[in-house]
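The values are calculated or read from the model by the stated rules, or taken from the named source; none is laboratory data. This structure is a prediction, so every number in the text was calculated from the model and none was measured. Positions of Cβ are backbone-derived with ideal geometry, glycine not excepted, and every protein chain shown enters the neighbour counts. Please note that ligands, DNA and RNA were not included when accessible areas were found on the heavy atoms of the full protein model with its side chains. Shrake-Rupley method; radii C 1.70, N 1.55, O 1.52, S 1.80 Å.
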Amino acid sequence: MRTRVRGWRWRCNPLRRRSDVIEAWTALLVAVLLCVGAPLAGVAAGWWAYGNARTAQVTERAQRHEVAAVLVEDAPAGSSATQTSRQPLYDVKVRWTEPGKGAVTTVARVPAGMRAGDRTDVWLDARNRGVDPPPTDTVVWQHAATTGVWAAAGVAGAVLVARAVTRRVAQRHRMAEWEAEWARTGPEWRRRTA
């Protein structure tokens with residue numbers, strides 16, 4: 001029956017080698033980095049991504065405006081074979097009335113299948129060109145959460161790879177130390193048995 005003694009690498013023991021102590025400290029460091037370091041890196045990266053995405057959102061909202069427009073021409077029909085509920089967007093001529101300027105016509109992106117005369121909301125830049133709408137708050141939070149999760153996973157992966165490399169190096173050193181020890185004690189054992 002095999003008995004496992006916990007913490008033997010920490011105790012004074014004639015079988016304990018220097019590589020055992022290094023491996024024990026490495027295991028403790030890995031545990032701390034996985035339980036504390038990776039989550040902190042994920043949170044920090046998430047907050048940084050949220051700040052950048054929020055700034056971009058505010059900037060785009062300041063530079064763009066939404067108007068209610070009427071389609072001048074038909075948008076191409078959407079494919080019925082698409083698996084998603086989201087229809088593709090197409091560039092189509094639209095018209096709206098702007099106070100003080102009268103009717104304005106431009107090209108904007110509208111969902112597939114819309115017909116001439118249909119009303120839709122379009123986003124325009126300062127030069128009245130059709131642009132994509134600014135990101136919503138949900139998109140900003142999704143971006144921040146995704147960045148945080150990937151950063152935490154990256155740190156955890158790097159820590160685990162470093163642990164595997166350290167363990168392999170420690171194993172090589174341990175085997176070399178055992179080999180050197182056996183080279184000293186092996187001849188005595190051979191004499192006793194011969």
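Some notes on this structure:
- Qualifying residue in the range 17-37 (condition: open to solvent by less than 70 Å² (accessible area, probe 1.4 Å), in a loop (DSSP other than H, G, I, E, B) and modelled with pLDDT under 90): yes
- Cross-chain or 6+ apart pairs with Cβ under 7 Å, the range 109-121 first and free of Cβ contacts under 8 Å to residues at least 60 places away in the same chain and open to solvent by 50 Å² or more (accessible area, probe 1.4 Å), then in a strand (DSSP E or B) and among the aromatic types (Phe, Trp, Tyr): ARG109/TYR90
- Pairs are defined by a Cβ separation below 6 Å, a sequence spacing of at least 6 or placement on different chains, a first member in the range 20-49 that is free of Cβ contacts under 8 Å to residues at least 40 places away in the same chain, and a second member that is part of a helix (DSSP H, G or I); no pair meets this definition.
- Test set (1) in contact with a strand residue (DSSP E or B) (Cβ under 8 Å, 6 or more places away or on another chain); (2) open to solvent by 40 Å² or more (accessible area, probe 1.4 Å); (3) modelled with pLDDT under 85; (4) not hydroxyl-bearing (Ser, Thr, Tyr) - ARG64 fails condition number: (3)
- Of the criteria (1) of a type outside the set (A, V, I, L, M); (2) more than 30 Å from TRP47 (Cα to Cα); (3) touching a helix residue (DSSP H, G or I) at 6+ places or on another chain (Cβ under 6 Å), which one LYS101 fails: (3)
- As a summary of the residue check, ARG127 satisfies the conditions (1) outside any helix (DSSP H, G or I); (2) open to solvent by 90 Å² or more (accessible area, probe 1.4 Å); (3) touching a residue at least 12 places away in the same chain (Cβ under 8 Å) except for the one numbered (3).
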